[in-house]
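Notes follow the structure.
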Amino acid sequence: MILGQVCTRNCRFCAVRNGQPLPPDPDEPEKVGGAVNLMRLKYAVITSVTRDDLPDGGAEHWAKTIQAIRDQNPHCKIEVLIPDFQGNFRALDIVLSAKPDVLGHNLETVKALYPSVRPQANYRLSLQVLKHTKGQGFITKTGIMIGLGETMEQITELMNDAHAVGCDIFTAGQYLQPTKAHLPVQRYVTPEEFELITKEGLKMGFRAVMAEPLVRSSYHAEETMAS
């Protein structure tokens, strides 16, 4: 995770601390590239806090990080999980200019639950991030948490929406409450329901679907991208 440990948003499902972040560390891109090299990674997944305090949302820092990883690890594939940049597609294009191998942006939950789960985000805007990225020829990926009170019909609607904007890879996992201060789990989803989501997603035409209780965005990311 880059761009610090403090997020400018306060999503009700996320345990990352929110508040006023420190300025980005200018040496971080090279440090991340060095860490990937030290671990001899062949596939790296990079994410960040949301930085609404920065004019470009941290996009330039993102691009420098991708480039630093590639410079130090030319054979490493790079997947990024980015925020929405508040709909600033010029900032998104800065990230895309560094040519990540996979661009991920999570919808997180169904449209009806955004006011309670992601009050500072916008469902349609997140779809537009995926659409804009796919329109430039990138492999795109999104993921959701299940168990927050959504219905199977709402999940299917979300999957159709994601596929309609060209999303390639879809992930779904069980929501787990980080602390008592966060949203409670409404229910634990059965393995059979996750299997149904996988089947439905593949039938819709997603390139790959990963749907299991412990699946998260980076779960088996390299194998999923190769599907």
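The values are calculated or read from the model by the stated rules, or taken from the named source; none is laboratory data. On a predicted model such as this, the values are computed, not experimentally measured, just so you know. For neighbour counting, all protein chains shown are included, and Cβ atoms are generated from backbone atoms with ideal geometry for every residue, glycine included.
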Would you mind finding the one in Ala68, Ala44 that is part of a helix (DSSP H, G or I), hydrophobic (A, V, I, L, M, F, W, C), modelled with pLDDT of 95 or more and on the phi < 0 side of the Ramachandran plot? Ala68
Check Thr109, Thr142 and return the single one that is closer than 11 Å to Cys167 by Cα and buried (at least 20 other Cβ atoms within 10 Å of the Cβ). Thr142
Any residue at all in region 88-102 that is in contact (Cβ under 8 Å) with a residue 60 or more places away in the chain, within 14 Å of the chain's Cα centre (by Cα) and either assigned to a helix (DSSP H, G or I) or farther than 25 Å from Ala211 by Cα (or both)? no
At negative phi and in a helix (DSSP H, G or I) - does that describe any residue in region 5-24? no
For Gly149, are the conditions met, namely being closer than 18 Å to Asp84 by Cα, of a type in the set (Gly, Ala, Ser) and modelled with pLDDT of 95 or more? no
Does any residue of region 168-188 turn out to be farther than 26 Å from Met1 by Cα, out of contact with any Pro (no Cβ under 9 Å at 6 or more places or on another chain) and of a type in the set (Asp, Glu)? no
How many residues of region 11-44 are more than 23 Å from Gln67 (Cβ to Cβ), surrounded by 14 or more Cβ atoms within 10 Å (Cβ to Cβ) and under 17 Å from the mean Cα position of the chain (by Cα)? The answer is 5
Would you mind stating whether Gly57 is buried (at least 16 other Cβ atoms within 10 Å of the Cβ) and part of a loop (DSSP other than H, G, I, E, B)? yes
Of the residues that make up region 183-202, is at least one at pLDDT below 95 and among the hydroxyl-bearing types (Ser, Thr, Tyr)? no
When Thr133 is run through (1) of a type outside the set (Asp, Glu); (2) farther than 18 Å from Ala221 by Cα; (3) more than 14 Å from the chain's Cα centre (by Cα), the failure sits at (3)
From (1) over 23 Å from Arg12 (Cα atoms); (2) in a loop (DSSP other than H, G, I, E, B), pick out the condition that doesn't hold for Lys199. (2)
